Amino acid sequence: MKTKSAIFLAVSALFLSACSYTQPAATTTATPTAAAPTPIVTASPTSASTNVNDLNAQLNATVDDGGQADLNQLQKDAAGL
Amino acid sequence: MKKLTSLLCLLALTLIVASPVFAETATRSGKMNREEFRTRLSAIRDEKKKAIVERIDQRIAQINANRTGIMTRHLTKIEEILDRIEARAFEVEKTGKEISAVKTAIATARTAIATAKTTVTTQAAKTYTIDITTEDKLDSAASAARTAFAKDLQAAHQTVVTARKTVRDVLKALANVVGEKLTNTTEK
């Protein structure tokens, strides 16, 4: 009976210690990294703004050539045929 | 009971085995076109021309995926802007101002956005195959595929431009109601 209790306690202790085990912090020397670049702050309007000119500026940001440059390049690529 | 279970198992197995066959049948027509294109492409003797045709074929698919992706993102943004304009319009309405012109413009814009979304989705699913016949007709075959693609892509882009323009019209109507001066409204 005593032996059984001892085994039970030992197993429990092992289980508990395994659960609470935390990996030691890495000891490798960290390579110095370059300083993080300073984020470029642009004067674009905030997305939450409901000012008509801010909203208009955001609309303007969706303007593009519709792929015309790609289509022109495609035409050039076909020149050798 | 055992017989019934065996029968059900057999039926399930049959379905599992047969389903890929059905799926293949559904895509066979599209697959045949591509296979035929690859076969005809490999038959071109001029390696330089072969490379050009192959590149054009790949680039059309790439440009289509890229541009329709951009159009979709822009439409999402345009719709988001419209939502904010609408929210502002409702706030303005609460102060007792007349916003019926804004509401009408919003309805028009919603329709234009929906049309553009459908067009762009359809465009994204399109494929263009260069109809290779003889080597001396490679130029015209590539040109035909390229022209058809360009026409479709520009048409899809135009729906995005229209959607943006209608949202800008909503903005103009709102600016008119609130008495704010709107600048830089020229649609490029």
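Since every read-out is calculated from the coordinates, none of them should be taken as a lab result. Everything numeric in this text was worked out from a predicted model, so none of it was measured. Cβ sites come from the backbone with ideal geometry, for glycine too, and all protein chains shown count toward neighbours.
Among the GluC sites (Glu not before Pro) in segment B:56-147, those placed in a DSSP loop whose Cβ has at most 15 other Cβ atoms within 10 Å are B:E98. Take B:36-46, A:55-65 and order them by the average number of nearby Cβ atoms within 10 Å per residue, most first; the result is A:55-65, B:36-46. Normalised size of segment B:139-188, defined as Cα radius of gyration per 2.2 N^0.38 Å with N residues, equals 1.83. Over all residues in B:75-88, what is the mean tally of Cβ atoms on other chains that come within 10 Å of each residue's Cβ? So the per-residue partner count for this stretch is 3.
When Lys and Arg each count +1 and Asp and Glu each count -1, what net charge do the other residues less than 13 Å away from B:T183, Cβ to Cβ, add up to? Mind showing how you got there, number by number?
Values: positive: B:R168, B:K172, B:K181; negative: A:D54, B:E180.
Residues near B:T183 contribute +1 overall.
Overall dimensions of segment B:47-178, expressed as equivalent-ellipsoid semi-axes from the Cα gyration tensor (√(5λ), whole Å, largest first), are 44, 11, 9. If I take R0 = 30 Å and measure r between the Cβ atoms of A:K76 and B:A125 in this structure, what FRET efficiency does the formula 1/(1 + (r/R0)^6) give, to the nearest 0.05? Efficiency, from the Cβ-Cβ distance: 0.65.
The string of couplings for segment B:159-173 from the Karplus curve (6.51, -1.76, 1.60, θ = phi - 60°) is 5, 5, 4, 4, 4, 5, 4, 5, 5, 5, 5, 5, 4, 5, 5 Hz, one whole number per residue in order, with x for Gly and Pro.
Counting only other chains, and only Cβ atoms inside 10 Å, what mean value do you get across the residues of A:69-78?
Numbers: counts 1, 9, 10, 1, 2, 11, 6, 0, 6, 12.
Averaged over the peptide's residues, the number is 6.
Pop the C-beta distance of B:R38 and B:A114 into the FRET formula with R0 = 45 Å and round what comes out to the nearest 0.05. Using R0 = 45 Å, I get an efficiency of 0.75. On the basis of the beta-carbon distance and an R0 of 35 Å, B:T133 and A:D64 show a calculated FRET efficiency of 0.45. Measuring nothing but how far apart in sequence close Cα pairs (under 8 Å, 6+ apart) lie, relative to its length, segment B:47-178 scores a relative contact order of 41 percent.
A straight chain from B:N176 to B:Q58 at 0.36 nm per residue would run longer than the Cα-Cα distance by 37.6 nm.
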